[in-house]
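J.: Have a look at the structure that comes next, please.
Nothing in this text is a laboratory measurement; each read-out follows from the coordinates by a stated rule. Everything quoted here is computed from the prediction, not taken from an experiment. Every residue, glycine as well, gets a Cβ built from its backbone with ideal geometry; the counts of neighbours run over all protein chains shown.
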Amino acid sequence: MLYAQQLPALGDGADMSASAERRIGDRIAREIYRDPDYIDDPVLVDYVQGIWLRLMAAARTRGELSPELDEHYAWEIVLDRDRSVNAFALPGGYMGVNLGLIAVVSSEDELASVLAHELSHITQRHISRLMAQQGSQGPLMIAAMILGALAMSRDPQAGSAMIVGSQAVAIQGQLNFSRDMEREADRVGYGVMTQAGFDPQGFVSMFEKLQQANRFNDTGSFPYLRSHPLTSERIADMQARQQLLPQVAPAELTMVHAMMAARARVLSNTAVDSLRAAVAEGAGIQARSSTARQVGLLYASVLAAAKLREFPQAKLLYGRLQALVRDNAKAAQQVRLLGVELALAAGDPRLGKDLSVSGLGAPSTRPELFLWAQAMTLTGQAVQVAQTLQTWLASHPHDAQAWQLLSAAYAAQGQRLSAIRADAEAYVARLDYTAAQNRFKAAQDLIRSEGSVDHIEASIIDTRSRQIASLLREQALER
Ligand SMILES: [Zn+2]
């Protein structure tokens, strides 16, 4: 109690530096990357990232995002296969999003409203303040507490096994944002999302969605409600904002959003029965439902049929989907990517190769690049893939999946040493320095056993191995 008055209050500067917070965030991210539920789905990451970048730009314009945070934080979207509805800002600018949230929102604007709220917890340094309150705990303990709280939010049993007794109490009592912080995140988030050009009605309808789940006491599938209780103050604030809005009909479901929600739904639940249900739903759609709704159901059915390896059925449904999106360029592009994905799954990469020639030029987005790289590697054009991925990695050195694809491209050319090194770099990108070091050692063993090797490659491997060894030593000293 002696220290109670020294706790930083809302609006005070936080005690923890941005780079110290980033180190805690990195520790947490490293564990999340290893979790089997972590998913780097390029299509969904690209979709969420697109919204996130618009929100960040708006926060910058409004002076909410300081240059210090901008520079030191990771600003990375981390997707989780979890079917429950949740999004969580983590220390150091990492932003966790469950596929369940993407599946349940009806528009980009609703998704933006949740992301803007969470972004505001980050920019207003709410997380730093919570952690500063844990002043006596070392960063290792704080990271463990946050990971424990995360585990508990998905599976209460697993969570309580990880953290016992008083620690669990400490997390519940202290790592929750205060009511004032929640109201501030609502207020700042609302400003940021409207500034970014999203429809403010999305904020209202998302709130209504949460209220409805709350009424049915559905906090099991909406863990977001447990960390974000709908207090009477928040509801009153919301109503006040709503009164200032013009009364317009809610935004229509767009084809692109319908497909992204469908994708999240399928990827978060790959049980055979659910996949079969998705295929049946797509095959039996009624022409009287809206086109966007049909597009969503068909997209889900194609993806589900591909996962079930029922390729003739998938191709049939794909043809129907293609016909529906013909006049919408953005939707048609998503459907084309799905077509390449389907072709790769069916073992017919020729379709994927066309990505580079049929109107696109060189692949320009991350999902396009990755599908193209897989198709080209399979059709004997790994040299071109390696060159293109090297260029991409020069500006995206932390892209683990790009390193993995580069490793596959080297392996396809018989360049074993380079393949192992690229694999090691994928572990570095996921912050798993121990695994990376093991791969570099494997490369050095290969050099020793083979005698004659590429000297440039060998010297890069030695240098990287020394750098990673030093990172590992630093890590061991942090407590
Ligand atoms: Zn919040």
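J.: Which whole-Hz couplings ³J(HN,Hα) result when phi for each residue of segment 28-39 is put into the Karplus expression 6.51 cos²θ - 1.76 cosθ + 1.60, θ = phi - 60°, listed in order with x for Gly and Pro?
T.: Karplus-based 3J(HN,Hα) across segment 28-39 equals 5, 4, 4, 5, 5, 4, 7, 6, x, 7, 5, 9 Hz.
J.: Next question. Along the Cα→Cβ direction, 7 angstrom out, place labels at D445 and R473. What is the inter-label distance in nm?
T.: 2.4 nm
J.: Continuing with the same structure: At R0 = 60 Å, how high is the FRET efficiency between Q286 and H398 if r is their beta carbon distance? Nearest 0.05 is fine. The partial results should precede the final answer.
T.: Values: r = 45 Å, r/R0 = 0.76.
Step by step, r from the Cβ atoms, then E = 0.85.
J.: With only Lys, Arg, Asp and Glu charged, each at its Cβ (+1 for the first two, -1 for the last two), find how big the charge dipole of segment 237-282 is about the Cα centre; round to the nearest 20 debye.
T.: Working: 4 positive and 4 negative charges, 21 e Å.
Dipole size: approximately 100 debye.
J.: To continue, here is another question. Multiplying the sequence separation of L230 and V383 by 0.36 nm and subtracting their Cα-Cα distance, what value in nm do you get? Mind dumping the intermediate values first?
T.: On the way: separation 153, 0.36 × 153 = 55.08 nm, distance 5.51 nm.
Gain in length upon complete extension: 49.6 nm.
J.: Of the peptides 102-108, 87-93, how do they stack up when ordered by the mean number of other Cβ atoms within 10 Å, highest first? Write down the numbers at each step before the final one.
T.: Details: 102-108: 21.7, 87-93: 23.9.
Going from most to least packed, we get 87-93, 102-108.
J.: Round to the nearest 0.05 the FRET efficiency obtained for D180 and Q49 when R0 = 22 Å and r is the Cβ-Cβ distance.
T.: Details: r = 30 Å, r/R0 = 1.36.
For R0 = 22 Å, the calculated efficiency reads 0.15.
J.: Run the reach check for K441 against aspartates and glutamates, Cα to Cα strictly under 17 Å, same-chain hits fewer than 8 apart removed. What comes back?
T.: D423, E425, D432, E450, D454, E457, D462
J.: Here's a follow-up. Report, in debye and to the nearest 20, how large the dipole of segment 357-479 comes out about its Cα centre when Lys and Arg carry +1 and Asp and Glu carry -1 on their Cβ. Kindly include the intermediate steps, with their values, before the conclusion.
T.: Working: 11 positive and 12 negative charges, 39 e Å.
Charge dipole, segment 357-479, about its Cα centre: 180 debye, nearest 20.
J.: Assuming a viscosity of 1.002 mPa s and a temperature of 20 °C, what translational diffusion coefficient in µm² per second does Stokes-Einstein assign to the chain, Rh being the Kirkwood radius over Cα pairs? Present the calculation step by step, with values, prior to reporting the outcome.
T.: Working: Rh = 24.3 Å.
In µm²/s, the coefficient is 88.
J.: Further question on the same structure: Per-residue ellipticity at 222 nm for the chain, helices alone: DSSP H runs ≥ 4 residues times -39500 (n - 2.57), over residue total, nearest 500 deg cm²/dmol? Display every interim value, and only then the final one.
T.: Numbers: 25 runs with 329 residues, N = 479.
One gets -22000 deg cm²/dmol as the mean residue ellipticity at 222 nm.
J.: Shifting gears a bit: Calculate the spin-label point distance for A240 paired with A435, positioning each point 7 Å from the Cα along the beta-carbon direction, and give it in nanometres.
T.: Distance between the two pseudo-spin positions: 4.8 nm.
J.: Which FRET efficiency value, to the nearest 0.05, do you get for A57 and Q133 by plugging their Cβ-Cβ distance into 1/(1 + (r/R0)^6) with R0 = 25 Å? Don't skip to the end; give the middle numbers.
T.: Values: r = 31 Å, r/R0 = 1.24.
My answer for the efficiency is 0.20.
J.: Along segment 191-201, what does the Karplus equation 6.51 cos²θ - 1.76 cosθ + 1.60 (θ = phi - 60°) give for ³J(HN,Hα), rounded to whole Hz, x for Gly and Pro?
T.: Values, residue by residue: x, 5, 5, 6, 4, 6, x, 7, 6, x, 4 Hz.
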